[in-house]
Structure formats: C-alpha cells, structure tokens
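Peer 1: First the structure, then my questions, so here it is.
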Amino acid sequence: MLEKEHEFDLARRWRDDRDKGAIDELVRSHLRLVISLANKFRNYGLPVVDLVQEGAVGLMEAAARFDPEKGFRFSTYAGWWIRSSMQDYVLRNWSIVRTGTTAAQKTLFFNLRWLRAKIARESDGPLNNDQKAEIATALRVRVKDVEIMEARFSKSDRSLNVALAAESNCEWQEMMPSEDAGPDEIVAERRDHQTHKRILNEAMKALTDREEIIIRERCLTEKTVTLAALGTRLGISKERVRQLESHALGKMRDAITNLVGDPIAAGLAIGV
C-alpha cells in the first residue's frame, strides 16, 4: 500500500508531467482493491477473472482522472469507477435480454435481492403487494418495475436448443409459434390479390386512354405524379387533370359496383 504523500506525488506527476511510470505504479498498487470488489459481484454467475479485467479498466480510468488536490485518498475515488465498470459488465452479460437501461432499473437490479431478503424475511414465496410497495418506496421506483425485475430474477435464460424431455428429440424452439403466414393464409392472400387485379383491370376498360394514363400515374404507381406534371405531359391544365381524375374514379367505382354488387367494396378497391 502507498503512503498518502507518495500516492499524491504519483498523481501529480501524471497530471502535470504525464509520467507513465507514475500512473503505472498507482494502478498496480491498487489491483488488490479490484480483486476485493470483484468478489462482491461473483454471485451473479459471471467469471471473477472477467470482473477483475473490467474493474481494472475502471481503475485505470480513475487513475487518469484523479485530482490529489481534492484531499481524498485514491482508493476512495477509484472504488466508484471500479464498481461502475463491474456493474456495467454484469448488466451487459447477466442475461441475453438487456437489463437495467435506466438509472432506476440499475438501482433495482443491484439492490432487489438483499432488500427482498430483508423485507420478506422468512418468506421464500412471491412478494405480496405490500412488500412490493415497500421495496418500490425504498428504491424510489415503480411497483411495476419491482414486479418485472423479480420475474427476471426468478427465471434464468434457457437455450432454445434444449430438449423438452430427457429422452425427447424435440427442442423448445420447435414449440415456438411461427410468425410467418400459414399455407392457408398465403393461398387466401394470393387468391384475393388475383381477384382484385382482375376486377381492377375490368374497371379500367371503362376509361378513355387519357383517363387511364391519369389513373395509372396518380393511383397505381409507387411515386405519384403531380397534377402539374401530368398537365404538361397531356397538354392540359392542372385543374383539368384533377377533373378528369375525379371523373375516372367515379366511372371505375360504378364499373366495380356492377361487378361485385357492393358500392362500399368498390370504393375500397380504388381507395376512395
């Protein structure tokens, strides 16, 4: 362990002269602090070696930022950086599902277990509403956040490739519902598409050549052509294009109504 004056001297040499030897000695002399703090996070099921490595990163960051003129010992200042690095590592790797995205959730993650044991005492079962409210008040979080975090702690990650039973060849992933459309849905969608296409083609036969151009450019393309651009192309005014478009849509609606016998469906088919 370093004497106080020697420790401050090393910090000043790094701060003022960027003496790499000084910061190296300052870091190496406090590695035992990293190991001590790493042991406090070992109950999260992560390798202690990895925790030590993450803590060492925090230690080096603390050494680079330490200001001896504040009057505090380096170990006091470095402890916060070391714990922060280890906590971030735990949150990133404790579960494949992201945990603790807010300050409140991080506080809940690292304090729920011991506070639960303190409040629940002899009860090993789920927390009741009063206990959840007490924890939420103590940690200044919502009761809902307590419920979500407790559920996360009660169940660990499970591989989808694990067999359903000891002698079964069926895996958990085979029981998951597919989000893809089923064969019947694919056939129905394809049939509906073909029907709509046939009806639309029949309705288009009721239009003149100029009306058909307007409808195709205004309603049947991904990028709608403006009224002004169509007016220039057809040699008519923008207002005349709008009138022809409205008249053509009316003719198509009537034609589709004659085909399907439903004026509402006819309006939906052409988007009006």
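FYI, it's all coordinate maths here, none of it is from the lab. Nothing here was measured: the structure is a model prediction, and the numbers come from that model. Note: ideal-geometry Cβ built from the backbone for every residue, glycine included; neighbour counts use all protein chains shown.
Peer 1: Counting Lys and Arg as +1 and Asp and Glu as -1, each charge on the Cβ, what is the dipole of the chain about the Cα centre in debye, to the nearest 20?
Peer 2: Once rounded to the nearest 20, the dipole reads 720 debye.
Peer 1: Applying 1/(1 + (r/R0)^6) with R0 = 41 Å to the Cβ-Cβ distance of residue 36 and residue 16, what FRET efficiency is obtained, to the nearest 0.05?
Peer 2: 0.85
Peer 1: Of 85, 178, 237, which has the largest mean-square fluctuation in a 10 Å C-alpha GNM of the chain?
Peer 2: 237
Peer 1: Now, a different point. Take residue 194 and residue 161, extend 7 Å from each Cα along the Cα→Cβ direction, and tell me the distance between the two endpoints in nm.
Peer 2: 4.2 nm
Peer 1: So which residue, out of 21, 235, 79, gets the largest mean-square fluctuation from a GNM of the chain using Cα contacts under 10 Å as springs?
Peer 2: Judging by the Gaussian network model, the answer is 235.
Peer 1: Take residue 212 and residue 49, extend 7 Å from each Cα along the Cα→Cβ direction, and tell me the distance between the two endpoints in nm.
Peer 2: 7.5 nm
Peer 1: How would you rank 67, 88, going from fewest to most other Cβ atoms within 10 Å of each one's own Cβ?
Peer 2: 67, 88
Peer 1: Shifting gears a bit: Tell me, what ³J(HN,Hα) does each residue in the stretch 14-19 have, in order and in whole Hz, if you take phi through Karplus 6.51 cos²θ - 1.76 cosθ + 1.60 with θ = phi - 60° and put x for Gly and Pro?
Peer 2: Calculated HN-Hα couplings, in order: 6, 5, 8, 10, 6, 7 Hz.
Peer 1: Net charge within 13 Å of residue 38 by Cβ-Cβ distance, Lys/Arg positive one each and Asp/Glu negative one each, not counting residue 38 itself?
Peer 2: Once all neighbours under 13 Å are counted, the net charge is +2.
Peer 1: A further question follows. Top mean-square fluctuation among 50, 130, 192, Gaussian network model of the chain, C-alpha springs under 10 Å?
Peer 2: Sorting by GNM fluctuation, first place goes to 192.
Peer 1: Would you mind calculating the relative contact order of the stretch 4-93 from Cα pairs under 8 angstrom and at least 6 residues apart, reporting the percent as a whole number?
Peer 2: Answer for the stretch 4-93 is 32 percent.
Peer 1: Can you flag which of 223/251; 40/132; 20/106 are past 30 Å Cα-Cα?
Peer 2: In this structure, 20/106 lie more than 30 Å apart at Cα.
Peer 1: Within 14 Å, Cβ to Cβ, of residue 243, how many net charges do the neighbouring residues add up to if Lys/Arg are +1 and Asp/Glu are -1?
Peer 2: Once positives and negatives cancel, what remains is +3.
Peer 1: Arrange 134, 239 by Cβ neighbour counts within 10 Å, fewest through most, would you?
Peer 2: 239, 134
Peer 1: Continuing with this model, one more query. Got a sec? Charge dipole of the chain, +1 on Cβ for Lys and Arg, -1 for Asp and Glu; which of 168, 78, 33 is way out at the positive end?
Peer 2: It is 78, whose Cα lies furthest towards the positive end.
Peer 1: Please compute the contact order of the chain in relative form: average sequence separation of alpha-carbon pairs under 8 Å and at least six residues apart, divided by the residue count, as a percent.
Peer 2: Normalised by residue count, the contact order of the chain is 10 percent.
Peer 1: Still on this structure, I have one more. Which whole-number percent gives the relative contact order of the stretch 184-269, counting Cα pairs below 8 Å spaced six or more residues apart?
Peer 2: For the stretch 184-269, the relative contact order is 32 percent.
Peer 1: Restricting to DSSP H runs of at least four residues, report the calculated mean residue ellipticity at 222 nm for the chain, -39500 (n - 2.57) per run over all residues, nearest 500 deg cm²/dmol.
Peer 2: -21500 deg cm²/dmol
Peer 1: Hey, another quick one. I need 6, 30, 193 ordered by Cβ neighbour count within 10 Å, fewest first.
Peer 2: 193, 6, 30
Peer 1: To continue, here is another question. Under 1.5 on a/c is rounded, so check that first for the chain, then, if it is not, pick prolate when a/b is larger than b/c and oblate when it is not; a ≥ b ≥ c are the square roots of the alpha carbon gyration tensor eigenvalues.
Peer 2: prolate
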